[in-house]
Amino acid sequence: MKISVTVNGKLVEREVEPRTLLVHFLRDHLDLTGTNIGCDTSQCGACTVHLDGMAVKSCVVLAVQADSAEITTIEGLASNGKLHPMQQAFWDNHGLQCGYCTPGMIMAATKLVENNPNITEEEIRHGLEGNLCRCTGYKNIVRSVIAAAAVGGGD
């Protein structure tokens, strides 16, 4: 099937098998490897991207379902060589360990802050429940999201 999507602001048209998952389309067809594959079962959130303005786990969305959609990946958050405020906050506040979950965590967090600029620690912890980090106790991740929210770190 031929699909047409806008990824990180660029129109892309590709032929894909109907069973191709969005995460594999992004990584294998477009070489956008910042979107990680963690579990293929929607449990970990490492593959979170923005699809038509919503944070979604791309391991449970077929590429053909994204036809005509607008997708933003972790690579699309930065602009003009400058990190997005959420990316900068994760850097500044050590909101990562091994970094594997970080792209999905940042993508989910930007939508949390966009939808609630005055987000509380409890709301952050609840909002990120679907994104797992196997390295930390989440303290610095939450601190990062709070810091990004303070400077307008939603999309």
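Filter the range 107-122 for residues that are over 16 Å from the mean Cα position of the chain (by Cα) and surrounded by 15 or more Cβ atoms within 10 Å (Cβ to Cβ) and give the result. Give the steps one after another, and end with the answer.
Of the residues in the range 107-122, the ones over 16 Å from the mean Cα position of the chain (by Cα) are 116-122.
Once the filter is applied, which keeps residues that are over 16 Å from the mean Cα position of the chain (by Cα) and surrounded by 15 or more Cβ atoms within 10 Å (Cβ to Cβ), the range 107-122 yields only ILE119.
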Mind listing whichever residues of the range 1-13 are farther than 12 Å from SER68 by Cα and surrounded by 12 or more Cβ atoms within 10 Å (Cβ to Cβ)?
-> MET1, ASN8
Hey, can you tell me all the residues within the range 86-101 that are free of Cβ contacts under 8 Å to residues at least 12 places away in the same chain and either in contact with a strand residue (DSSP E or B) (Cβ under 8 Å, 6 or more places away or on another chain) or part of a helix (DSSP H, G or I) (or both)?
-> TRP91
SER42 vs. criteria more than 13 Å from ALA66 (Cβ to Cβ) and among the hydroxyl-bearing types (Ser, Thr, Tyr) = yes
Every residue from the range 46-77 that is loosely packed, with under 15 Cβ neighbours inside 10 Å and either within 14 Å of ARG27 (Cα to Cα) or assigned by TED's automatic domain parsing to the domain that holds ILE141 (or both) = none
Which residues, taken from the range 55-85, are in a strand (DSSP E or B) and within 15 Å of PRO103 (Cα to Cα)?
-> ALA55, VAL56, LYS57, ILE71, THR72
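Among the listed residues CYS44, CYS135, identify the single one that is without any contact (Cβ under 8 Å) to a residue 40 or more places away in the chain and not basic (Lys, Arg).
Numbers: CYS44 fails: without any contact (Cβ under 8 Å) to a residue 40 or more places away in the chain.
Checking each option against the conditions leaves just CYS135.
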Of the numbered conditions (1) farther than 23 Å from ALA149 by Cα; (2) of a type outside the set (Gly, Ala, Ser); (3) assigned to a helix (DSSP H, G or I), LEU32 fails exactly one; give the number of that condition.
-> (3)
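Surrounded by 14 or more Cβ atoms within 10 Å (Cβ to Cβ) and either modelled with pLDDT under 95 or in a loop (DSSP other than H, G, I, E, B) (or both): which single residue out of GLY137, GLY130, GLY104 fits that description?
Values: GLY137 fails: surrounded by 14 or more Cβ atoms within 10 Å (Cβ to Cβ); GLY104 fails: either modelled with pLDDT under 95 or in a loop (DSSP other than H, G, I, E, B) (or both).
Criteria check complete, one pass: GLY130.
The values are calculated or read from the model by the stated rules, or taken from the named source; none is laboratory data. Bear in mind that the values here come from a model prediction, so they are computed numbers and not experimental data. Glycine also receives a Cβ, built like all others from the backbone with ideal geometry; neighbour counts cover every protein chain displayed.
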